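Laboratory data are not the source of any read-out in this text; all were calculated from the coordinates shown. Predicted model, so just to flag it, every value in this text is computed and none were measured. With ideal geometry, Cβ positions are generated from the backbone for all residues, glycine too; neighbour counts draw on all protein chains shown.
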Amino acid sequence: MNSIDTVTLEVADLSATSRFYSTVLGPDSPHLRLRAAGDPTTGFRGFALSLVVSQPGNVDALVDEALAAGATALKTPSKSLWGYGGVVQAPDGTILKIATAAKKDTGPVTRDIDEFVLLLGVDDVKATKQFYADRGLSVGKSFGSKYVEFASAPGHVKLALYKRRGLAKDVGVSAEGTGSHRLVLSGAASPCRDLDDFVWEASSHAPLATTA
C-alpha cells in the first residue's frame, strides 16, 4: 500500500448519485466510484472529500455547480488565512470541501480539479499515521496530533488525517455520528481495516463506476 487509486462511496440511490457526481466532477472522474449499499449511518461519517483547485473563481464555479445539482451549503465560500474555500454536502450525505490556496484569480475560470484529497477524521492521529506509514505511505506534512498529510503520486488520491472533531469543525458539522462510514478505499494493498474502521480493498482501477 503506497497510494489510494480510488474511493468508493456506498449510496442508497445509484442513478441519482451518479448524476450528481458526473455533473460536478465530470463523467470520467478517475478517483471516484459508487456502489449500492444500505448500511445504516447517522450524522457525521468521519470523512470529507477535498477538491483542490487553482483559484477562487474555480471554487465558486464548482460550489455553484454542486448547489445547482442538489447539494446543500455548509460553508459559503470565503477568504481565510490559508486561501479561499467553501463546503457543501452532496445529496448522498458526502461532504465536499472545495478550496484553493490562491487569494485571487489569475486566469479564466474553469471547473478543473487539481487535487482530489480524502480527509479522514480519526481518534488518534499519531497512531493512524503510524498505521499507514507501516503499510508504505510516506508522510508529506505532519503537525503533531492535529494533522498529517501523506505524499501521493500524480493521478492518485491524496490522504490526510485530522482529529475527528477538528475535521467536523473545519467542514461545519457536528462530530457526532454512528454506523457505517459508507466509504471504501482502494489501492495496491491487501484488504484491511484501519484503526477507525475505514475499509481498504484491492483496486480495480475503474473510474466513477456504478455497481449493484
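Descriptive notes on the structure:
- Rough spin-label spacing in nm, given labels placed 7 Å along Cα→Cβ, for S180 and R165: 2.9 nm
- For the chain, modelled as a GNM whose springs connect Cα atoms under 10 angstrom apart, the maximal fluctuation among P27, P91, P108 occurs at P108.
- Relative contact order (%) - the chain, alpha-carbon pairs under 8 angstrom, separation at least six: 31 percent
- Applying the Karplus relation 6.51 cos²θ - 1.76 cosθ + 1.60 with θ = phi - 60° to the range 89-99 yields 3J(HN,Hα) values of 10, 5, x, 7, x, 5, 8, 10, 9, 10, 8 Hz, where x marks Gly and Pro.
- Residue-by-residue Karplus 3J(HN,Hα) for the range 81-87, coefficients 6.51, -1.76, 1.60, Hz, glycine and proline x: 4, 8, x, 8, x, x, 9
- Long-range amide H partners of I4 with built H, under 5 Å: V157
- Most mobile listed residue (A68, A48, A160) in the chain, GNM with C-alpha springs under 10 Å: A68
- Shown in residue order for the range 40-49 are the 3J(HN,Hα) couplings computed by the Karplus curve 6.51 cos²θ - 1.76 cosθ + 1.60 at θ = phi - 60°: x, 8, 9, x, 5, 8, x, 8, 8, 9 Hz (x for Gly and Pro).
- Of interest is the spacing of the C-alpha centroids, which for the range 11-89 and the range 115-143 amounts to 22 Å.
- Order of K163, K141, K126 under a 10 Å beta carbon neighbour criterion, fewest first: K141, K126, K163
- DSSP-defined beta bridges in the chain - what % are antiparallel, rounded to 5: 60 percent
- The chain shape via C-alpha gyration tensor axes, a/c threshold 1.5: rounded
- Cβ charges +1 (Lys, Arg) and -1 (Asp, Glu), total dipole of the chain, debye: 580 debye
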